[in-house]
1. Please work out the FRET efficiency for the pair residue 319 and residue 187, using the Cβ-Cβ distance as r and a Förster radius of 41 Å; give the result to the nearest 0.05.
2. Rounded, prolate or oblate: which fits the stretch 318-373 when a ≥ b ≥ c are the square roots of the eigenvalues of the alpha-carbon gyration tensor, with rounded for a/c under 1.5 and prolate only if a/b beats b/c?
3. Just order 112-120, 268-276 by mean Cβ neighbour count inside 10 Å, highest at the front, would you?
4. If each residue of separation counts as 0.36 nm, what is the full-extension length gain between residue 342 and residue 154 once their alpha-carbon separation is subtracted?
5. If you take the square roots of the eigenvalues of the alpha-carbon gyration tensor of the stretch 288-392 and sort them as a ≥ b ≥ c, do you get rounded (a/c under 1.5), prolate (a/b over b/c) or oblate?
6. Summing +1 for each Lys or Arg and -1 for each Asp or Glu, what net charge is found among the other residues whose Cβ lies under 13 Å from the Cβ of residue 240?
7. Just to be sure I understand the model, the point goes 7 Å from the Cα along the line to the Cβ. What's the resulting residue 288 to residue 259 distance in nm?
8. What is the dipole size for the stretch 288-392, taken about its Cα centre, with +1 at each Lys and Arg Cβ and -1 at each Asp and Glu Cβ, in debye to the nearest 20?
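What follows draws every value from the coordinates through simple rules; no lab data is involved. If you're wondering where the values come from, they're calculated on a predicted model, not measured in any experiment. Methodologically, a virtual Cβ is constructed for each residue, glycine included, from the backbone with ideal geometry; neighbour enumeration extends over all protein chains shown.
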Amino acid sequence: MFAFGPSADTTPPAKGVAGPAPRGSPGGSRGYCFTSLMARGRDHLQLVTLVEVHVRPSAPVPESSSGDSLLGNALEHRNQIGGQTMSTSGVTRYLCAPVLLLMLGPMAEAATLQVNCGAKAGLITIGAALNVVKFAGASTVNVSGTCHENVVVQSLDRLTLNAEHGASINDPSGGNLSTVTIDDSRDVAINGFTINGGADGIDCQDGSVCRLNGNTVQGAVNGYGVGVFFSQLFLDGGTLLNNGTGLAAINGANAKATNVTIQNNSNGIEIRTQSFVNTTATISGNTAGGVYVHESGTLSCPGCQITGNSGIGLILRRDSSARLYSTYAVTGNTGGGILLSEESSAYFPAPTGTVTGNTGGMDVYCGASYTTAKNATINIGGGTTNCVEPSP
């Protein structure tokens with residue numbers, strides 16, 4: 001077990017470095033962990049401190065010369081870590097919470113933290129909270145206020161970020177960095193935020209599993225609202241607008257996008273290089289086109305609505321494919337409905353949707369280079385096409 005207190009030398013060790021065990025402690029069993037970030041008179045950053053865990057120290061926690069506990073006073077919230085009670089304190093001396101979580105091992109199974117961006121004390125950035133929970137298990141960070149930071153979730157699993165009271169995350173880099181990056185992380189959920197600006201709004205990459213629920217992602221004017229690369233995305237609800245491309249799935253990515261509105265971007269959705277998207281999204285009002293699938297990409301559209309876009313509603317190029325079924329609609333697009341080229345294919349399995357009323361071109365157009373559109377002559381609601389049924 002560990003007790004925390006000053007060593008004979010009252011000068012704190014360097015940040016994040018454990019000090020020596022005091023004389024007389026058998027086997028050096030007392031642990032020391034200090035950080036100068038916690039000194040009185042600085043920013044009073046509040047970290048999770050283990051002041052009421054069910055662990056009995058080998059000696060009482062000593063008092064400082066001023067009578068303040070080295071673990072701090074002014075308890076503010078209680079959280080649970082693996083069933084152990086935790087407290088968040090305005091710490092008045094030195095403490096390294098991440099190392100404490102590491103020492104607890106299996107007991108450090110979960111954490112719930114509160115971030116208030118723009119506050120004067122406590123956890124005031126999402127990044128600070130992520131530093132605290134990186135040694136914990138499943139963790140939840142509840143966020144309020146207007147956050148100005150580029151958030152990086154790096155190698156963290158089972159993390160949930162919840163927006164409270166309309167919380168937002170805003171890019172401070174002038175479009176040089178993505179506003180939120182999820183990298184090498186499994187089962188990360190981001191719920192209810194407004195994400196503004198960035199090179200991209202949210203990137204899900206390097207083998208991550210990302211769950212985005214009810215977010216508004218906007219203003220990544222030269223990039224992707226949401227980009228997924230070599231990863232898996234579950235996107236439900238919310239809006240992607242005023243981005244270069246609303247949603248992009250690239251390089252072997254998989255995405256499921258349900259109940260989301262993708263509008264007023266340059267491009268609505270891009271799918272390329274062996275990537276797959278299944279979507280029921282409403283894709284409308286995008287200035288360069290609705291959905292662009294190329295380089296062996298695949299679109300599954302069980303009721304998606306590709307309507308009212310400038311340019312072509314759906315483009316399939318270079319060995320790409322689409323399956324449109326259920327109550328789908330490709331209507332009112334000003335450059336034509338669906339264009340197939342370069343060995344691409346489309347399949348309309350039943351007469352449950354419609355491809356009609358697209359101006360500036362045919363509703364379904366098959367290019368000359370080995371394209372097929374099965375059932376386009378019978379199952380698109382009477383729209384125009386030059387495609388012929390493929391041979392059995």
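1. After rounding, the FRET efficiency stands at 0.80.
2. oblate
3. 268-276, 112-120
4. The span from residue 342 to residue 154 would gain 63.8 nm if fully extended.
5. Judged from the Cα gyration tensor, the stretch 288-392 comes out rounded (a/c under 1.5).
6. Here the charged neighbours net out to -3.
7. 3.1 nm
8. So the magnitude is around 140 debye.
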